[in-house]
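Q: My questions all concern the structure below.
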Amino acid sequence: MDLLERASLLDELGAALGATATGGCVALVAGEAGMGKSALVRRFAERHSADARFLLGACDPLLTPRALGPLHDLGRQTGGRLAALLAAGSPREQLFAGLLDELDRGAGPQVVVVEDAHWADEATLDLLVFLGRRIERTRALLIVTYRDDELAVDHPLRGVVGRLPPEAVRRLRLLPLSEAAVAELARRAGRPAAGLRSLTGGNPLLVTEVLAAADAGVPLTVRDLVLARFGGLPVDAQEVVRLVAVVPTRAELWLVEEAARPAPSAVEAGVSAGLLVVGSDAVGFRHELVRQAVEGSLSALGRRALNRRVLEVLAGATERGVDVARLAHHAREAGDTEAVLRYAPEAARQAAAVAAHREAVGHYQAALAAAGPLPESVRAELLEGYSVEAYLSGLSAEAVSARRAAVDLREAAGDRESVGEGLRWLSRLHWWDGGRQQAEAAAARAIAVLETLPPGHQLAMAYSNQAQLDMLAYRQEAAMRWAGRAIELARRLGDQETLTHALTNIGSARLNADDERGRADLEQAFEVAVAAGLEDHAARAISNLATTDVERRDYRHARSDLDRALAFVHAHDLAGYAQHLLGNRARMRLDQGDWAGAEQDARAALAERAHSGGRAVDPLVALALLQARRGDPGAAATLQEATERAVATGELQWTGQVAAARAEHAWLSGDAHRVAEEAAGVLEQAVQANHAWYAGELAMWMQLAGAPVRVPAMVAEPYRLLLAGDWRAAADAWQERGCLYQQALALARADQEQALLAALALLDGLGASQTAQRLRRQLRQRGNVRVPRGPTRATAANPAGLTGRQVEVLGLLAQGLSNAEIAGRLSVSAKTVEHHVSALLAKLGAGSRREAAAAARRLGVAPAKDGGAGPVI
């Protein structure tokens, strides 16, 4: 039967498949339940089965989804190395690479289908990002179907879609059937069409169910229609349908045969009634909504009994490799406590092994709910596992509570080594939860407990944990001292994990203290971690190297360090680090005058699917400052979100930049009292931490607000000069660092018209309209009659503040034309073009024509056409 009003979608999928000859792509197929997404994909596969190899995977609506369920489906179809890796429980990086290798095999195109991604587990979502970012290197088409009407604003699939490269993505959305299509279906069924479209909303599933109903009266829900059809089945057919209903997605034929032993006629009756669909090896419902309608009609006792029967068969089929997550699901649905304790912990461990942390949390929660009769040591182990997975899922309060309970159990058992390890973990968890005081106390207790035992890995890590706490609090001397002890013990033990962790701490502390030896420490930490296969530790080392540059506004290495770190974390799909690094690159680009790049990085960082609230502060602050300086009213809301996240951590690395941003926002609004209030709150903390940059910036805002301020001797040089009244030297210091906006603020403190006008030119060039407007008022109050006009509305509207002519020049420059060639195209002198090029390089923060061309592509500047109006941003 043909699919009405779906021909254009099939053609789009066919075009996407054809385009794989020059590189793969992703097709996102979205629509509400019952719109025919699966039918569309099936028809596409039938039409092109001779043109490509199809690999089909599906996500299941289990209580806790299977970790990498679709990948296991694919592995069963491919066999070979991918299947072997899955069977061996290999690390997920190897599994992902194995699938990519599979897609590189053969000369023809391949189609990978992942159905119902709205039910996907965390690891499968990461797999989609991994494939999506590399799909163009293959000849594969990745089709992902999902219900877009079921995606809440914070649904993780939205983050996945946002992280896919736009140029590799095609979006298809299934719409309801038209009045004409519904009428055609009614005609074929020999039924009247009057009112059918408005009753069903054009939903294909509901339309077909209504038309198949024997009763002339029309029930209003799918459930009513399905149960009416179900009630007309023979008793043995109803029994089969009930059994299949408690098995999400599909039931293998061998499972149905062993659990129900049905006569073939019973299954055929379910198929004839339009409820079941039988494949070569499994039976399932025609649609998940149909299954849910039948399952929902079962009594609680009936559902338990059926799940118990399914569990018994699945548990006995050890040779069939049944996923332990399925066993855990049916154990929970059967209310079988013993089976839950047998399968849920193993399902949690398997989920954790492939970084499906949310799913691991669900399994641990199920196990702990049934763990009352277990020995205390086993309960402690479950609590410890749950604590780690809760932490990795962003559930910091739950992680703290579970670890504290585990420590209590270990203490009661007199297991001092486990107590020490638990206290170290508890210290880290308290820190993530914003409880520094509790973190410090737990860290000290961990060391005290472990020092009563022979020195080992746990003591070395406890020393390094204390070093990390001190380093994050800017207690550099203490951090270096504790890290030194950890390094010495780690080397004696051959403990590479502690060694890389401690080297990262001592290197970060040294850089924070302006000791350049820290760079070598961090490089060594990175090398040790990579050699040991410790990717998270490697990412931490290389990220600290890059972000410490930014925090100290030392931009000699920052750009290359950030790019290198981002390449590493993207290659290993470490979203939390990517968010932190992109946020810091946004801060650097903001300082360096590349405001378009700063905004792009800030928004990309916020699109990353990361759980840490603190790491989102960097991009939020960069974006808020951009908005405030441009006069965007959205700045207040962005700044408020940054404030809430920073305050929750209580850490100066985030509260310091937020306080400075809030003070600047208040200053731009003309509220001097609030400027002083915002800055004073954190200034003392910055001074106590000996943070030269935050202390200097906050003191500057206090001074600008006219509030009394004692200038700390330790403030960073540009601020020290400005606070001492030497605006010229301060401006030079900022210029040397490439910080154009800060240079303009220093010049704006001058009492000379020429310096004030230079500041105004810098602000106009950056597009800082709100800041420039404030300076224009200052100039007029001084009596300046001829204050330069600001950029025209057209100029201010584009992201880099370029004039129309500069946009034209940039477009031609991006094509590789020389100044003379651009002059010929635009009928102007080469000297005029030279002036335009110099101006746009400054506005873009580009150091070369090549960087300007890259910025042109980033901003969407199209190549200029001869005789045309030129490109637009």
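Q: Pairs please, first residue from segment 334-346 and buried (at least 21 other Cβ atoms within 10 Å of the Cβ), second anywhere and among the hydroxyl-bearing types (Ser, Thr, Tyr), Cβ atoms under 8 Å, 6+ apart in sequence or on different chains.
A: Once the first residue is buried (at least 21 other Cβ atoms within 10 Å of the Cβ) and sits in segment 334-346, its partners that are among the hydroxyl-bearing types (Ser, Thr, Tyr) give 344/364; 345/364.
Q: Can I ask one more? State whether the residues of segment 81-97 include one that is crowded, with 18+ Cβ neighbours inside 10 Å, out of contact with any Leu (no Cβ under 6 Å at 6 or more places or on another chain) and under 20 Å from residue 41 (Cα atoms).
A: no
Q: Return a yes/no flag: does segment 432-451 have any residue that is under 23 Å from the mean Cα position of the chain (by Cα) and in contact (Cβ under 8 Å) with a residue 40 or more places away in the chain. First the steps, then the outcome.
A: Going through segment 432-451, the residues under 23 Å from the mean Cα position of the chain (by Cα) turn out to be 432-434.
From what is left, the residues that are in contact (Cβ under 8 Å) with a residue 40 or more places away in the chain are 432, 434.
Taking every residue of segment 432-451 in turn, at least one turns out to be under 23 Å from the mean Cα position of the chain (by Cα) and in contact (Cβ under 8 Å) with a residue 40 or more places away in the chain.
Q: Could you list, in sequence order, the residues of segment 232-255 that are assigned to a helix (DSSP H, G or I) and open to solvent by 10 Å² or more (accessible area, probe 1.4 Å)?
A: 235, 236, 238, 239, 242, 253, 254
Q: Can you say whether residue 3 is in a helix (DSSP H, G or I), touching a Lys or Arg at 6+ places or on another chain (Cβ under 9 Å) and open to solvent by 10 Å² or more (accessible area, probe 1.4 Å), as far as the supplied structure shows?
A: In short, no.
Q: Just one of 333, 312, 346, 359 is out of contact with any helix residue (DSSP H, G or I) (no Cβ under 6 Å at 6 or more places or on another chain) and either part of a helix (DSSP H, G or I) or within 30 Å of residue 96 (Cβ to Cβ) (or both); which is it?
A: Answer to the check: 312.
Q: Could you tell me whether residue 701 is open to solvent by 20 Å² or more (accessible area, probe 1.4 Å), of a type in the set (A, V, I, L, M, F, W, C) and modelled with pLDDT of 95 or more? Working first, answer last.
A: Values: open to solvent by 20 Å² or more (accessible area, probe 1.4 Å): no; of a type in the set (A, V, I, L, M, F, W, C): yes; modelled with pLDDT of 95 or more: yes.
For residue 701, the condition - open to solvent by 20 Å² or more (accessible area, probe 1.4 Å), of a type in the set (A, V, I, L, M, F, W, C) and modelled with pLDDT of 95 or more - is not met.
Q: Report whether or not residue 686 is open to solvent by 60 Å² or more (accessible area, probe 1.4 Å), without any contact (Cβ under 8 Å) to a residue 40 or more places away in the chain, part of a helix (DSSP H, G or I) and aliphatic (A, V, I, L, M).
A: no
Q: While we're here: Scan segment 724-759 for residues that are under 36 Å from the mean Cα position of the chain (by Cα), free of Cβ contacts under 8 Å to residues at least 60 places away in the same chain and open to solvent by 70 Å² or more (accessible area, probe 1.4 Å) and jot them down. Spell out the reasoning first.
A: Here is the first cut: in segment 724-759, the ones under 36 Å from the mean Cα position of the chain (by Cα) are 734-745.
Those left that are additionally free of Cβ contacts under 8 Å to residues at least 60 places away in the same chain: 734-736, 743-745.
Matches in segment 724-759: 735, 736.
Q: Scan segment 321-330 for residues that are of a type in the set (Val, Ile, Thr) and assigned to a helix (DSSP H, G or I) and jot them down. Quick ask: steps written out before the conclusion?
A: Our first condition is that a residue be of a type in the set (Val, Ile, Thr); within segment 321-330, this holds for 322, 324.
Listed by number, the list holds a single entry, 324.
Q: Would you mention how many residues in segment 704-723 are open to solvent by 30 Å² or more (accessible area, probe 1.4 Å) and modelled with pLDDT of 95 or more? Talk me through it step by step, then tell me what you get.
A: Keep residues of segment 704-723 that are open to solvent by 30 Å² or more (accessible area, probe 1.4 Å), which gives 704, 706, 708-711, 713-714, 717, 720.
So of that shortlist, the ones also modelled with pLDDT of 95 or more come out as 717, 720.
Total satisfying the criteria: 2.
Q: Looking for something under 17 Å from residue 66 (Cβ atoms), open to solvent by 50 Å² or more (accessible area, probe 1.4 Å) and in contact (Cβ under 8 Å) with a residue 24 or more places away in the chain - is there at least one such residue anywhere in segment 288-309?
A: No, that holds for no residue.
Q: When you check residue 262 against the structure, is it over 44 Å from the mean Cα position of the chain (by Cα) and assigned to a loop (DSSP other than H, G, I, E, B), yes or no? It would help to see each step written out before you state the result.
A: Working: over 44 Å from the mean Cα position of the chain (by Cα): yes; assigned to a loop (DSSP other than H, G, I, E, B): yes.
Yes; evaluated as a whole, the condition is true for this residue.
Q: Given the structure, is residue 207 under 39 Å from the mean Cα position of the chain (by Cα) and open to solvent by 40 Å² or more (accessible area, probe 1.4 Å)?
A: On the way: under 39 Å from the mean Cα position of the chain (by Cα): yes; open to solvent by 40 Å² or more (accessible area, probe 1.4 Å): no.
So residue 207 fails the test.
Q: Just checking, which of 779, 763 is open to solvent by less than 20 Å² (accessible area, probe 1.4 Å) and over 37 Å from the mean Cα position of the chain (by Cα)? Spell out the reasoning first.
A: Values: 763 fails: over 37 Å from the mean Cα position of the chain (by Cα).
Matching residue, one of 779, 763: 779.
Q: Could you list all residues from segment 635-660 that are part of a helix (DSSP H, G or I) and either on the phi > 0 side of the Ramachandran plot or acidic (Asp, Glu) (or both)?
A: The initial filter retains those residues of segment 635-660 that are part of a helix (DSSP H, G or I), namely 635-649, 652-660.
Within segment 635-660, 641, 644 meet the criteria.
Yes or no, residue by residue, for (1) outside any helix (DSSP H, G or I); (2) among the acidic types (Asp, Glu); (3) modelled with pLDDT under 65:
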residue: 808; (1), (2), (3): no, yes, no
residue: 813; (1), (2), (3): no, no, no
residue: 825; (1), (2), (3): no, no, no
residue: 834; (1), (2), (3): no, yes, no
residue: 857; (1), (2), (3): no, no, no
residue: 865; (1), (2), (3): yes, no, yes
residue: 869; (1), (2), (3): yes, no, yes
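Each row is one residue, and each column tells you yes or no for (1) modelled with pLDDT under 90; (2) in contact with a Leu (Cβ under 8 Å, 6 or more places away or on another chain).
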site	(1), (2)
163	yes, no
179	no, no
182	no, yes
185	no, yes
194	yes, no
198	yes, no
205	yes, yes
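Q: Continuing with this model, one more query. Which of the residues that make up segment 135-188 are charged (D, E, K, R) and either over 29 Å from residue 100 (Cα atoms) or assigned to a loop (DSSP other than H, G, I, E, B) (or both)?
A: So the first thing to find is which residues in segment 135-188 are charged (D, E, K, R), and the list is 136-137, 139, 147-150, 154, 158, 163, 167, 170-171, 173, 179, 184, 187-188.
Selection gives 139, 147, 149, 150, 154, 179, 184, 187, 188.
Q: Would you pick out the residues in segment 256-270 that are open to solvent by less than 30 Å² (accessible area, probe 1.4 Å) and closer than 18 Å to residue 232 by Cα?
A: Those that are open to solvent by less than 30 Å² (accessible area, probe 1.4 Å) and closer than 18 Å to residue 232 by Cα: 266, 269, 270.
Q: What about residue 77, is it open to solvent by 20 Å² or more (accessible area, probe 1.4 Å) and out of contact with any Pro (no Cβ under 7 Å at 6 or more places or on another chain)? Full working, then the answer.
A: Working: open to solvent by 20 Å² or more (accessible area, probe 1.4 Å): yes; out of contact with any Pro (no Cβ under 7 Å at 6 or more places or on another chain): yes.
Criteria met by residue 77.
Q: Among (1) in a helix (DSSP H, G or I); (2) of a type in the set (A, V, I, L, M, F, W, C); (3) more than 20 Å from residue 318 (Cα to Cα), which single condition is residue 283 missing?
A: Status for residue 283: all satisfied but (1).
Q: Which of (1) of a type outside the set (Lys, Arg); (2) outside any helix (DSSP H, G or I); (3) over 13 Å from residue 71 (Cβ atoms); (4) in contact with a Cys (Cβ under 8 Å, 6 or more places away or on another chain) does residue 107 not meet, given it meets every other one?
A: Every listed condition holds for residue 107 apart from (4).
Q: For residues in segment 353-369 being of a type outside the set (A, V, I, L, M, F, W, C) and within 24 Å of residue 411 (Cβ to Cβ), which is surrounded by the most Cβ atoms within 10 Å (Cβ to Cβ)? Can you show your working first?
A: Within segment 353-369, the first condition is being of a type outside the set (A, V, I, L, M, F, W, C), and the residues that meet it are 357-359, 362-365.
Those still in the list that are within 24 Å of residue 411 (Cβ to Cβ) too: 364-365.
Working: 364: 29, 365: 18.
For segment 353-369, the residue satisfying everything is 364.
Yes/no per residue for (1) within 32 Å of the chain's Cα centre (by Cα); (2) among the hydrophobic types (A, V, I, L, M, F, W, C); (3) under 18 Å from residue 249 (Cα atoms):
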| position | (1), (2), (3) |
| --- | --- |
| 300 | no, yes, no |
| 307 | no, no, yes |
| 313 | no, yes, yes |
| 316 | no, no, no |
| 323 | yes, no, yes |
| 327 | yes, yes, yes |
| 331 | no, yes, yes |
| 344 | yes, yes, no |
| 348 | yes, yes, no |
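Q: Could you please find all residues in segment 486-536 being at positive phi and either crowded, with 24+ Cβ neighbours inside 10 Å or at pLDDT 95 or above (or both)?
A: Our first condition is that a residue be at positive phi; within segment 486-536, this holds for 494, 514, 533.
The answer is 494, and nothing else.
Q: Any idea which residue in segment 45-60 is nearest to residue 124 (Cα to Cα), counting only those that are in a helix (DSSP H, G or I) and in contact (Cβ under 8 Å) with a residue 40 or more places away in the chain? Show your work before the answer.
A: Filtering segment 45-60 for residues in a helix (DSSP H, G or I) gives 45-48.
Checking which are in contact (Cβ under 8 Å) with a residue 40 or more places away in the chain leaves us with 45, 48.
On the way: 45: 22, 48: 26 Å.
Only one residue tops the list, namely 45.
Q: Out of 617, 621, 647, I need the residue that is of a type outside the set (Gly, Ala, Ser), buried (at least 24 other Cβ atoms within 10 Å of the Cβ) and over 17 Å from the mean Cα position of the chain (by Cα). Which one? Lay out the reasoning, then the answer.
A: Working: 617 fails: over 17 Å from the mean Cα position of the chain (by Cα); 647 fails: buried (at least 24 other Cβ atoms within 10 Å of the Cβ).
It is 621.
The values are calculated or read from the model by the stated rules, or taken from the named source; none is laboratory data. Because the structure is a prediction, the values reported are computed rather than measured. Reconstructed Cβ throughout: ideal geometry from the backbone, glycine too, with neighbour counts over all protein chains shown. Side chains are part of the model used for accessible areas, which takes the heavy atoms of the whole protein and leaves out ligands, DNA and RNA. Shrake-Rupley method; radii C 1.70, N 1.55, O 1.52, S 1.80 Å.
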